[in-house]
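Down below is the structure, laid out as structure tokens.
The values are calculated or read from the model by the stated rules, or taken from the named source; none is laboratory data. This structure is a prediction, so every number in the text was calculated from the model and none was measured. Positions of Cβ are generated from backbone atoms using ideal geometry, with glycine treated the same way; all protein chains shown enter the neighbour counts.
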Ligand SMILES: Cc1cc2nc3c(=O)[nH]c(=O)nc-3n(C[C@H](O)[C@H](O)[C@H](O)COP(=O)(O)OP(=O)(O)OC[C@H]3O[C@@H](n4cnc5c(N)ncnc54)[C@H](O)[C@@H]3O)c2cc1C
């Protein structure tokens with residue numbers, strides 16, 4: 001049997017390869033970069049400070065599923081706060097206790113319901129949280145991480161938000177009783193409960209993937225970007241990497257979906273995906289003496305005039321990430337490639353971040369500042385759910401529309417999913433792949449979906465329908 005090509009050796013690509021191997025199917029992983037891990041990478045500087053691509057928190061259940069539980073340390077505490085009117089309030093309870101937020105949330109619940117579905121993210125947030133919380137907290141945050149006005153975003157942005165308040169009360173109480181950082185809002189594929197808590201691998205995030213990599217004995221090719229995916233009669237037949245053509249029985253991509261149209265040869269069925277946008281992001285790390293400079297591990301700053309919308313002091317939860325008596329704070333900054341923020345020097349960024357934290361938590365912090373850690377710039381961070389391509393996004397969530405082509409992982413699904421969801425969703429998707437390679441003549445095992453879809457009148461859908469037929 002021809003191998004199944006996998007684009008990318010991050011969590012999704014390696015998970016897909018291991019699952020295919022378990023099912024007795026041959027797979028080759030092509031990784032464009034020099035190392036495996038993708039976004040699951042960690043950096044350690046000469047002075048002993050460690051940081052990730054933006055602070056990462058994972059669960060014991062994911063670590064166990066990856067066979068990495070033995071190298072993980074339990075996280076004892078994790079908490080979030082939100083800065084409103086210059087003061088930090090705990091999230092979600094401190095925020096809910098704020099009278100104007102509570103009053104407007106209640107008003108939105110009591111007011112007669114608009115039965116029509118929410119038209120955009122702003123509409124969804126006003127209905128879900130009330131005007132005050134939507135305007136002062138939810139909208140500025142969503143706009144900072146997406147780079148688009150909430151009015152232009154799809155209401156599906158709400159799918160990213162966490163558990164209900166009742167579930168949060170239960171998970172919070174469970175954390176107190178068990179003295180573990182019980183996960184809240186980190187996975188939607190699997191249930192969260194008292195037994196699912198945060199852990200962190202010794203030696204950094206990439207260590208998580210080592211047991212999976214060991215199972216793949218030699219089927220990962222580094223420095224091997226896939227440059228073309230060849231399609232004949234609507235079905236993938238080969239990939240081209242580093243000039244060589246490799247015949248394949250299926251392709252699993254974990255690459256950002258907006259580059260897929262450029263890779264495809266023999267079909268333009270994926271053309272609408274080139275409009276899909278990802279938000280670029282910068283992560284600036286500052287070092288300080290002392291600990292617990294922030295009121296909790298993560299602080300949200302819903303203020304459009306500020307540079308960073310999220311500050312994370314990971315050593316509050318994972319003390320081993322900084323030398324004793326010192327700490328590291330990561331500032332998440334939304335930007336566009338080439339804009340004024342993106343092109344700012346690392347020194348200027350650090351200075352602006354220091355100004356921001358001193359304005360929030362006191363000028364005294366300047367005397368504790370130990371200098372800038374690394375700054376990371378990534379052109380691809382959060383998928384942006386613009387209403388302009390919501391119909392195509394929904395269709396794409398069901399199928400790529402090309403037989404034998406599957407797109408998995410965070411950027412591959414174009415979804416706001418964290419590592420545990422990436423893992424379980426990829427495992428489940430391999431069932432479809434196995435069914436396809438066993439009987440490639442059958443349309444992805446889901447022909448009815450396209451024809452029955454209420455959006456089937458759209459051009460993108462009809463292109464798929466004609467292929468299906
Ligand atoms: C700011 C931020 C914070 C996050 N925090 C958390 C968190 O706290 N907890 C959590 O669980 N998750 C978190 N995540 C999400 C997590 O990082 C991702 O879900 C996960 O790492 C995605 O893995 P992946 O394999 O889907 O993609 P990636 O890790 O991006 O891997 C894709 C790989 O494909 C390769 N590639 C691309 N194109 C090609 C090509 N043409 N040919 C060959 N190879 C190619 C790339 O080089 C890359 O290695 C966070 C993400 C961000 C952006």
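Being under 20 Å from residue 440 (Cβ atoms), in the same structural domain as residue 408 (by TED's automatic domain parsing) and within 14 Å of the ligand (Cβ to nearest atom) narrows it down to one of 249, 253, so name that one.
None of the other options fit; the residue is 253.
Using the structure shown, decide if residue 208 is in contact with a helix residue (DSSP H, G or I) (Cβ under 6 Å, 6 or more places away or on another chain), closer than 20 Å to residue 410 by Cβ and part of a helix (DSSP H, G or I).
Taking the combined requirement at face value, the residue does not satisfy it.
Can you report the number of residues in the stretch 60-116 which are in a helix (DSSP H, G or I), in contact with a strand residue (DSSP E or B) (Cβ under 8 Å, 6 or more places away or on another chain) and free of Cβ contacts under 8 Å to residues at least 24 places away in the same chain?
1
Looking at the stretch 290-306, can you tell me whether even one residue there is surrounded by 22 or more Cβ atoms within 10 Å (Cβ to Cβ), part of a helix (DSSP H, G or I) and more than 10 Å from the ligand (Cβ to nearest atom)?
No, the stretch 290-306 contains no residue that is surrounded by 22 or more Cβ atoms within 10 Å (Cβ to Cβ), part of a helix (DSSP H, G or I) and more than 10 Å from the ligand (Cβ to nearest atom).
Hey, residue 159 hits all of (1) in contact (Cβ under 8 Å) with a residue 60 or more places away in the chain; (2) crowded, with 16+ Cβ neighbours inside 10 Å; (3) not in a loop (DSSP other than H, G, I, E, B) but one; which does it fall short on?
Evaluating residue 159 over (1) in contact (Cβ under 8 Å) with a residue 60 or more places away in the chain; (2) crowded, with 16+ Cβ neighbours inside 10 Å; (3) not in a loop (DSSP other than H, G, I, E, B) leaves (2) as the failure.
Away from the ligand (no atom under 16 Å from the Cβ) and within 30 Å of residue 228 (Cβ to Cβ): which single residue out of 24, 10 fits that description?
24
So, of the residues in the stretch 381-404 that are in a strand (DSSP E or B) and more than 13 Å from the ligand (Cβ to nearest atom), which turns out to be surrounded by the most Cβ atoms within 10 Å (Cβ to Cβ)?
The residue in question is 403.
Tell me which residues, restricted to the stretch 120-142, are assigned to a loop (DSSP other than H, G, I, E, B) and without any contact (Cβ under 8 Å) to a residue 40 or more places away in the chain.
130
Looking at this structure, is residue 372 at negative phi, more than 16 Å from the ligand (Cβ to nearest atom), surrounded by fewer than 20 Cβ atoms within 10 Å (Cβ to Cβ) and in a strand (DSSP E or B)?
Considered against the rule, which asks whether it is at negative phi, more than 16 Å from the ligand (Cβ to nearest atom), surrounded by fewer than 20 Cβ atoms within 10 Å (Cβ to Cβ) and in a strand (DSSP E or B), residue 372 comes out as yes.
Among (1) at negative phi; (2) within 13 Å of the ligand (Cβ to nearest atom); (3) in contact with a strand residue (DSSP E or B) (Cβ under 6 Å, 6 or more places away or on another chain), which single condition is residue 36 missing?
(3)
For the stretch 39-58, enumerate the residues that are more than 30 Å from residue 303 (Cα to Cα) and either within 12 Å of the ligand (Cβ to nearest atom) or in contact (Cβ under 8 Å) with a residue 24 or more places away in the chain (or both).
44, 45, 47, 48
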